[in-house]
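Data block below; observations after.
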There are 2 protein chains.
Amino acid sequence: MSVSERLLILAEGYSTDPHYAKTMNGVLRYRRQEVVAVVDSERAGEGRDGVPVVATVADALQFAPTAALVGVATQGGRFPPTWRDVLKDCIRAGLTIENGLHQMLGDDAEMTALAAEHGVALHDLRRPPAGLDCPTGANLEVPAQIVLTVGSDCAIGKMTVSLELDRAARARGIASQFVPTGQTGIAIAGWGISVDAVIADFIAGAAERLVVEGAERGGKLLWVEGQGSLIHPAYSGVTLGLVHGSAPHAFVLCHQAGATEIDGYPGATLPPLRELVALHEMISLPHRKAPVLCIAVNTRFLTSDDEARAAIDAIAAETGLLADDPVRFGADRLLDAALAGLPTLDLAPTALGRAPTWG
Amino acid sequence: MSVSERLLILAEGYSTDPHYAKTMNGVLRYRRQEVVAVVDSERAGEGRDGVPVVATVADALQFAPTAALVGVATQGGRFPPTWRDVLKDCIRAGLTIENGLHQMLGDDAEMTALAAEHGVALHDLRRPPAGLDCPTGANLEVPAQIVLTVGSDCAIGKMTVSLELDRAARARGIASQFVPTGQTGIAIAGWGISVDAVIADFIAGAAERLVVEGAERGGKLLWVEGQGSLIHPAYSGVTLGLVHGSAPHAFVLCHQAGATEIDGYPGATLPPLRELVALHEMISLPHRKAPVLCIAVNTRFLTSDDEARAAIDAIAAETGLLADDPVRFGADRLLDAALAGLPTLDLAPTALGRAPTWG
C-alpha cells in the first residue's frame, strides 16, 4: 500500500452513518489530503469535510482517483449485495482497492479475475501476513519508547488518541510513529496488522512484529493503537495479547465520560478507574512494568466545554493522574504528561519527526 | 470423532520423549482402555503402560485397530518427513486418522486423495469449527457450575488437574464433564475446540460454545481445561479469552512447585501466588466474580513425598487456600475444597455421572 494515493472513498448508503462510516471518518480526519471524492448515490452533490460526494464511480473519475478505499464497517464484515457493482466499476476504472472488511476480495473468484484482467491490485487490509509466530523477545529490544492506548471499553477512541498524540509529538519535532493494529488504522497509516484477525496463538507475535516495524520506520516514540479492553467480555484476549506482545513502556488509559458498563453487555459494570489503572500495571510484562501515565477522556456526549472540563477534573481527582480530552481540548497536556513519564526518551528532532505524514 | 475406537498411537521416534509424546501420554493415561498398540520402530518389542510397541503399521494390524492417533506434538506442529509413509500406511489399512498437529491433513492433496480412495476419514483436531463468532451471553445461561483451571505457566498440568477432578467427581456420582480446549484434551475426550487455533476475535466465542456443549452433554459440573497463563508473554491472550468466554463460577489455580519464572522466558518472574490469585479474581467477569477455590501443585520435580508435602503446605500457608498435588496424592481434597466453594451445585447423581468415560 502506498501512502500517496488519490483516494476515492466508497461509502454507498452509509456516508452519514457515524458508526458504520468509521473508516471513512478516520481517513477523512487523518489522511484528508489524499482524499479526492466520496461515492454515495444517496448523498450526491453534498460535501463531506469539503470533499465532493458523487453518485457513481464514473462521476468520480473527473477527480482522477488512483485507489478506492472501502469506507464502511458493515455488520458481520460483509459487503452489501449492491456493493459488488460499485467494486467492479472501480476495478474496471483501474483503481487499486483497499478493503478493511472481514470478507476478503482476494478470495472472491469473480473479483480476482476482473482485477487480473485490468491489472488492478486488491489489498485486503485485515488479511494476516504470512509467517506469524510467537514473540521472540525482539519486542524488548526495540530501540524506541512504546506507549499503548488501553481502555475501559471498545470504540471509545483509542485509535484517535494514539493518532492525536502522534500528531502532537511530530509537531514538536519528535521522531514519533503511530503503530496501526486494526483496519481503520491500517487504512489511515498505510501499513500494520489487524491483530484481531490473526490466529489466537499469534496475537502477541503479531504485536511484536508491529513495534519492530514501527522502529524500523524511524520511530523513537511509538504510539501503539489499542484494541478492545482487558475487561471486555468478547475482545479481552486480543487486548491482553497486544499488551504483552507490544511490550509497552507505559499506557495511556482511554475512557468515555459517564460510561458505567461495557456497551452492549448489560451487567458488565466498569470497575472504578483507579482499579482499572492498577489492573493494567499489575498485568504488564514483569520484564517491563508499565505505568498508566495519563487518562484520555472522550467527552463527545457532553454538550458544553464546562461539563467536559468538570468530568475530566473528576477523573483526574479520582485517579491522581493528568486527564484531558485530546480531541476537544488538544493533545498537548496529555503529551506533556506522557513525555514526563518516559524519561529515557531521546527527544532529539529528526527529519522524520519534523514532517508529519498526515494532518 | 467416536469415543469407542480401537486406537493405534503413532509415536514414531518419540515414544519415550516426555515432552513431544505429550498427546500419547495423555491418551494412555485417560483413554487407556481404547488403546491397542503404539507404533515406534525405535522401540519395537517394548511396552508402554502395558501396551505393545510395534515397528510398523503392518505389525499393528494383528491388534485390529480402527483409528490411528498422532501421539506427538512436534516443534512447529509439522510432520517429520518420515511420517508421511506411516500415515499413508494407516490410510491404506482403512484407519481413521486423528491428528492434533497444526499441519492439517485435510489440506494435503496427496493425503486427502488417498483417504478418499480408501474411504477413510481424516480428523484434524485443531481445525476450528465453522461459524465461530463473539459470545452471545449464552455462557451466563449454561445450567451448570463451571470451574476453569488457570496457572502460573503453560505445560504445568492444567489439563491433567481438570481430568483428575472430573474423574474424582464422577467417582462420587456427580454429573461431571471435562471440557477440552486443546489438541490433547480433544484427543482424550473426543470433542472440543482448540481455542489457540481460532481467529483472535473469536476466542471467547469458542469458549462459550464449549461450555454450552458441556452442559448439553449432561454436565452439571464442568471442568474447563485451561490454556497458557494470564502472565505468559506469548499465550496470555488465549488465556484471557478463555477466562471471559467460559464464564467460570470459580478457578483452580495450578502451579509447579519451585518455579520462579515463566519457562523459556528469562526475566519473566512469577509474582507471589497470592497476587496471582488476586489478579484472576479481579479480571473475572463483573457479572460473575470468580474466586480461586484451591491450588493444584505439580510436585513432579520433588523426589520424596515429604518434600512434596512441605512444598504444598508452604503454598497453602502463603495463599490461605487448600493446596494439593492431585496426581501424587489424589484429587479428593481438592475436589472437597472446590465443592465447598460451589454451594449452588446440584449434586444429585445421574446416570451420566455414575459412568466415567475414561479411567
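Read-outs: derived from the displayed coordinates by stated rules, not from any lab. Note that the structure is a prediction, hence the values are computed from the model and not measured. Counting neighbours? That spans all protein chains shown, and the Cβs are built from the backbone with ideal geometry, glycine included.
Kindly express, to the nearest 10 degrees and within the range 0 to 90, the angle between helix B:236-245's C-alpha long axis and the longest C-alpha principal axis of chain B. Once rounded, one gets 70 degrees. Annotation: the antiparallel percentage among DSSP beta bridges lying fully within chain B is about 10. Fewest neighbouring Cβ atoms within 10 Å first, the residues B:274, B:48 line up as B:274, B:48. Of chain B, which part is the longest with no GluC sites (Glu not before Pro) in a loop (DSSP not H, G, I, E, B) and with at most 14 other C-beta atoms within 10 angstrom? The answer is B:142-359.
Hydrodynamic analysis of the range A:138-354 uses the Kirkwood radius over alpha carbon pairs. Inserted into Stokes-Einstein at 25 °C and 0.890 mPa s, it gives a translational diffusion coefficient of 144 µm²/s. All other residues whose Cβ lies under 11 angstrom from that of residue A:178 are scored, Lys and Arg at +1 and Asp and Glu at -1, for a net of 0. Loop-located chymotrypsin sites (Phe, Trp or Tyr not before Pro) in the range A:242-330 (DSSP state not H, G, I, E or B) with no more than 15 neighbouring Cβ atoms inside 10 Å: A:301. For the Cα atoms of chain A, what angle does the longest principal axis make with the long axis of helix A:83-92, in degrees from 0 to 90, nearest 10? The answer is roughly 70 degrees.
Farthest toward the positive end of the dipole of chain A, out of A:26, A:287, A:77, is the Cα of A:287, where the dipole comes from beta carbon charges about the Cα centre.
Could you tell me what percent of the DSSP beta bridges with both partners in the range A:7-124 are antiparallel, to the nearest 5?
10 percent
Compared with the dominant Cα axis of chain B, that is its longest principal axis, helix B:109-118 is turned about 70°.
Close amide H partners of residue A:294, meaning residues 5 or more places away or on another chain with modelled amide H under 5 Å apart, are A:253. Here the range B:138-193 was treated as a single set of alpha-carbon atoms; its pair distances binned every 10 Å from 0 give 22, 51, 27, 1 percent. Residue exposure proxy: A:54, B:198, B:224, ordered by other Cβ atoms within 10 angstrom of their Cβ from fewest to most, comes out as A:54, B:198, B:224. Shape summary of the protein assembly as shown, radius of gyration then Dmax from alpha carbon positions: 27.4, 84 Å. Here each label is just a point 7 Å from Cα along the line to Cβ, and for residue B:17 and residue A:64 those points are 6.1 nm apart. Sorted ascending by nearby beta carbons within 10 Å, beginning with the fewest, A:276, A:345 become A:345, A:276. Annotation: the antiparallel percentage among DSSP beta bridges lying fully within the protein assembly as shown is about 10. In plain terms, the C-alpha convex hull of the range A:7-124 casts an average shadow of 6.4 nm² when viewed from every direction. Along the axis of the charge dipole computed for the protein assembly as shown (Cβ charges of +1 for Lys and Arg, -1 for Asp and Glu, origin at the Cα centre), the listed residues B:205, B:218, A:256 are led at the positive end by A:256. Across the copies of the chain, residue A:281 has label points (7 Å from Cα along Cα→Cβ) spaced 2.0 nm apart, shortest distance listed first. Considering only the label points, 7 Å along Cα→Cβ from Cα, what distances in nm to one decimal separate residue A:93 from the same position in each other copy, shortest first? Nearest first, the other copies' label points are 6.3 nm away. Label point of residue B:260 (7 Å along Cα→beta-carbon): distances to the other copies' equivalent points are 4.8 nm, sorted ascending. Each residue of the range A:295-306 was assigned a 3J(HN,Hα) from its phi angle through the Karplus expression (A = 6.51, B = -1.76, C = 1.60, θ = phi - 60°), giving 10, 9, 9, 8, 10, 4, 8, 9, 6, 9, 4, 5 Hz with x at Gly and Pro.
A Förster radius of 51 Å, combined with the Cβ-Cβ distance separating residue A:216 from residue B:41, puts the computed FRET efficiency at roughly 0.60.
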